[in-house]
1. Could you size up the charge dipole of segment B:49-158 around its Cα centre, putting +1 on the beta carbon of Lys and Arg and -1 on that of Asp and Glu, and report it in debye to the nearest 20?
2. Roughly how compact is the protein assembly as shown, stated as its Cα Rg over 2.2 N^0.38 Å to two decimals?
3. How much net charge surrounds residue B:426 when only other residues with a Cβ under 12 Å from its Cβ are counted (Lys, Arg +1; Asp, Glu -1)?
4. Where the label is 7 Å out from Cα toward Cβ, how close does residue C:222 come to the same position in every other copy, in nm, shortest first?
5. Within a 10 angstrom radius of each residue's Cβ in B:151-158, how many Cβ atoms of other chains show up on average? Whole number is fine.
6. Could you give the radius of gyration (one decimal) and Dmax (whole number) of the Cα atoms in segment A:15-62, in Å?
7. Label residue A:32 and residue A:281 with points 7 Å out from Cα along Cα→Cβ: what is the distance between them in nm?
8. Kirkwood Rh, segment A:328-373, all Cα pairs: how many Å?
Amino acid sequence: MATPDSLLASNSPPAGDWPITPALAALLAQRREGHGLPRAFYRDEALYARELARIWHAGWLFAGFAFEIPDAGDFLTLDVAGTPVLLIRGDDGAVRAFHNVCRHRGTQLCRADSGHVRALVCPYHSWTYSRQGELLACHGMHEGIDKTPLGLRPLHAEVCLGFIYVSLAPSPAAFAGLRERFEAAGQPQGFDRARIAKAIEYDVDANWKLVWENNRECYHCITGHPQYIRSNFDIYDEGEASPEIRARIDAAIARTNRQWDVGGDGADHPKGGLATFPDPDSDLWYTCNRTALAEGFATESLAGGRVSTLMGDYRDADVGVLRMRSMPNLWLHASCDHAVVTRMLPAGPRRTRMKSFWLVDRFAREGADYDLDALLPFWHLTNEQDWEICAWQQKGVDSIGYEPGPLSRRKEYNVDAFIRWYLKQVRA
Amino acid sequence: MATPDSLLASNSPPAGDWPITPALAALLAQRREGHGLPRAFYRDEALYARELARIWHAGWLFAGFAFEIPDAGDFLTLDVAGTPVLLIRGDDGAVRAFHNVCRHRGTQLCRADSGHVRALVCPYHSWTYSRQGELLACHGMHEGIDKTPLGLRPLHAEVCLGFIYVSLAPSPAAFAGLRERFEAAGQPQGFDRARIAKAIEYDVDANWKLVWENNRECYHCITGHPQYIRSNFDIYDEGEASPEIRARIDAAIARTNRQWDVGGDGADHPKGGLATFPDPDSDLWYTCNRTALAEGFATESLAGGRVSTLMGDYRDADVGVLRMRSMPNLWLHASCDHAVVTRMLPAGPRRTRMKSFWLVDRFAREGADYDLDALLPFWHLTNEQDWEICAWQQKGVDSIGYEPGPLSRRKEYNVDAFIRWYLKQVRA
Amino acid sequence: MATPDSLLASNSPPAGDWPITPALAALLAQRREGHGLPRAFYRDEALYARELARIWHAGWLFAGFAFEIPDAGDFLTLDVAGTPVLLIRGDDGAVRAFHNVCRHRGTQLCRADSGHVRALVCPYHSWTYSRQGELLACHGMHEGIDKTPLGLRPLHAEVCLGFIYVSLAPSPAAFAGLRERFEAAGQPQGFDRARIAKAIEYDVDANWKLVWENNRECYHCITGHPQYIRSNFDIYDEGEASPEIRARIDAAIARTNRQWDVGGDGADHPKGGLATFPDPDSDLWYTCNRTALAEGFATESLAGGRVSTLMGDYRDADVGVLRMRSMPNLWLHASCDHAVVTRMLPAGPRRTRMKSFWLVDRFAREGADYDLDALLPFWHLTNEQDWEICAWQQKGVDSIGYEPGPLSRRKEYNVDAFIRWYLKQVRA
């Protein structure tokens, strides 16, 4: 009685692209300048498929850390919106990424979050791949099978400061810019000499864009994060600080920079508020900046005191906070003694899977050098506050009564920037 | 490879309307006169979207009671098929309804089922609204923002006998007819001098129309409600009572009306069976009638005896049962000493959320004047019996083997009336 | 803003057919010869609807056993992808199948998995049907209602060796071929003199075709079923056995056939590996064959020893294993002392409901003649191993990185045969 074509398509998002139909084009044109996104952007299955194709299957995704897989055969896995991905260190020491799917019948190859293998053996029929992805053996196949084209399907991977980035795109955008900027800014932090003290996964009942919009402003911090704002000056956007606050900010920046002799960036954010990011006009999808901490805060901890040994090249606690971000799925805050790296992965139009990694120096020992009860609460609390906000916002934007409101030009410039960056990707 | 347009649309039901496509028109034409509705009516997502647009977002919905929010700043919330609604009493004493969504970024504003506020402060960025919905403050927004058009989006609301009705439509149908009829019939019951002794929510695994169809006939009562039918004569539709039963009915009506001196309607339903409702031919979507109770029943309780103090203007127990209904979501049974009001809200094509409110006189005290163990079972049991019936019917109409059968012209005239009323709405 | 037609349709798969749209035709043409099925085949809602129409609502489905309902009024129920089906023995001793749905308002009639009735009385309005499906009474309906056309909607049913098959098709394919073959091969097993010692239901998080593909090869048995392969020679496909193994197989076949004097087939599978099935070229959708057990195995048990009394006509344990299968939903392994019959029913594109029945001789008594701890583990373990494999394969084929790989011509000839059989059905 009717065509199921669109449903068919909707369940089969092509890996490379998702067409802009008239209805989708109409939706993409609906955003009113200076305002939030309309309702359907946070609910629509077809738009979600387009986002997967244009952003999540196209961009560079932070996946994990090279130091998690130090030896040949060490591996990590992750799930990118239903597509299993494998990261493995090869016999040559290189980190590679593959589709975590056997080339025979498509079974998911590695099931654990992490582990070590001599070779990659599919649990179904024992097809065996080298740590570099070549098909080594497929006993039971007929004579004359050519193993050469049956290696694991490779994905582009890059390692920068120990961060492993992966792209599901056949020809992803250049990575060099991110590498240059992250290495310049991040070197002193010693990310590649760190280890994970703790990682926590969170399921957020909200569209992934709501999570980014929440991240891109501190307008909500006064009510939403009473603990967080004690450590920094994020809430004082440009021109908002009183003379007294302004003096405190300047003093904190001067204090931080006075100690600075380790390379990388100094505190460089004098105008206040969050650094501008992303920047759709110049197609900037990564950024770093260093902010000063308020007096009394040596690190981002609830009490303000240090919660582990110094990381990287730091020889003094007063280094402020190094912040780094990349679209579509990474942000981090790195203090003198620890760093909290947060990874985003979508899991449907109304579900987002977050994971935060608490990094400390590789030689720091739990109990002696750090205590999880002191290390975790600052960001675990802030995370949970944000995820609850996002879930209530999802309930609201699901309403037929929701109309996108105006964004504050003073305090939500980055929400606007995010929305414009996003629209540029999905419209392209 | 195909168009996702329809899926896109399906996830974005427009607030005002949902188009009748050829496939939907074909479906709407399928009903065979005198028979039930075809299978797709109880399953189809597109038809459900049309129902939301034409019935649930258009009609007058019973939402709650004015006496639940006696003071300025008292509020109630409810969820109309995914759209959060707020009811709040203003400083002028008026009850108003709003979309329960902040005008800034769309966050759900009030989260509790009920509460009290000095002002409505959005938990996200502290946008602050008066109890009349005006935007009072939006600190952090840029200069020159005009607060006037950014008040909460109002919904039409009416209060009648303490019942709060709300409509999500821009221009709902006239409410005056319901008000006139309900006030005439319901005044003696003292609804506006009542309070809620208990409210119970139920999730029914069935399409909302199955729940109404179940409600609109007592053909199922002999097997389905052995307790319920002891108290009344509902099962004797016109011409069905034996001479002995007929004499009992007449005696009960006479007994009830003999005592009648409080105004409102007397028992007026001599022909037997359920009162005709709804009436699509005259577009009647509300009704009231009073039925006599069987001998031995002073009220609708399992044992027949009174379960609380007399309500309203009643000075004698023998007042029968006042029944009131309005499409698409209210029915009630009011005895001399309590009333049970039931509210329906859809929650998907196969899920309906019901809530029953047990009302007693506002001065009745639990333990002294009433006991929940005696007050609740009659309707709680009847409710659960009905919800189970509806869930098994849903399983059956989901079958490819289901064909709508004939409706009894003697006992299911109201099921037919409901279906014709329903089709008139969704076809319009 | 767009047409919901396809969604409407998708929620209302017609009982008889589901159209091949251009998108569906394109998908059905995608399979590359000698390779697995593309991704969308394991996920797509429209294709699933087509499969229901062309396979599950068209073919002969194994439903249950005649010996479960020995007396008039005994019944069984099952759920075929959301369509409730009733099997009942009539007063004439015949087993009949009906849509398990009342002809009045469509309520599911019988709710229990099995039971006994004098007459079939709908719990909603007491419409009463005979055990042969005629409508006997519908008290409360109006004058002049004709009960004749309102009997339960019959389904085609056949009983063969005690197996009840049902078809939801108006005119199903001929059943005679299956009957002839199954009776010839299965008579000695005494299926119709058996009883169910235990039945276990399993929910498998995988498309039903993955479960069949898994069943149709023993390529995975070495790693997947270390217990199973001790009892048989399944893993030695044609030409794969070493001379020593070959000698063991020949000896086992000879040993089995030497004892053979009970009729039916002897062990007849000398070439090794699984019997060819299904056969799309000759439209063969059922098959039987007998395989020899390895030395030390009198039956398919973990320890190899007998786990119950001999079944049927067997007078010696050394009868090997009778295997029978029919598309789309039955396979079984029958040893001398028990049989394990497995039934498949789809429950969505990514969910399959399996049920295994452990049969023993009708006179075998638990505790005396058999012990569930010895009877169940062989196949319960093998089942659970397979279901886990299928679930991990579903995760893999859901990936945008999945590409169908080559099938082994030596070991996966039946996977290819299944896929070709399947495509023939859904393309037809």
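1. Result for segment B:49-158 is approximately 320 debye, rounded to the nearest 20.
2. It is 1.06.
3. +4
4. List, nearest first: 7.0, 7.0 nm.
5. Mean number of neighbouring Cβ atoms from other chains: 1.
6. Answer for segment A:15-62, Rg first and Dmax second: 11.7, 33 Å.
7. 2.4
8. Result for segment A:328-373 stands at 12.3 Å.
The values are calculated or read from the model by the stated rules, or taken from the named source; none is laboratory data. Just so you know, these numbers come straight off a predicted model, no measurement behind them. Heads up, the Cβs are rebuilt from the backbone with ideal geometry, glycines too, and the neighbour counts pull from every protein chain shown. All accessible areas refer to the heavy atoms of the entire protein, side chains included, with ligands and DNA or RNA removed. Shrake-Rupley method; radii C 1.70, N 1.55, O 1.52, S 1.80 Å.
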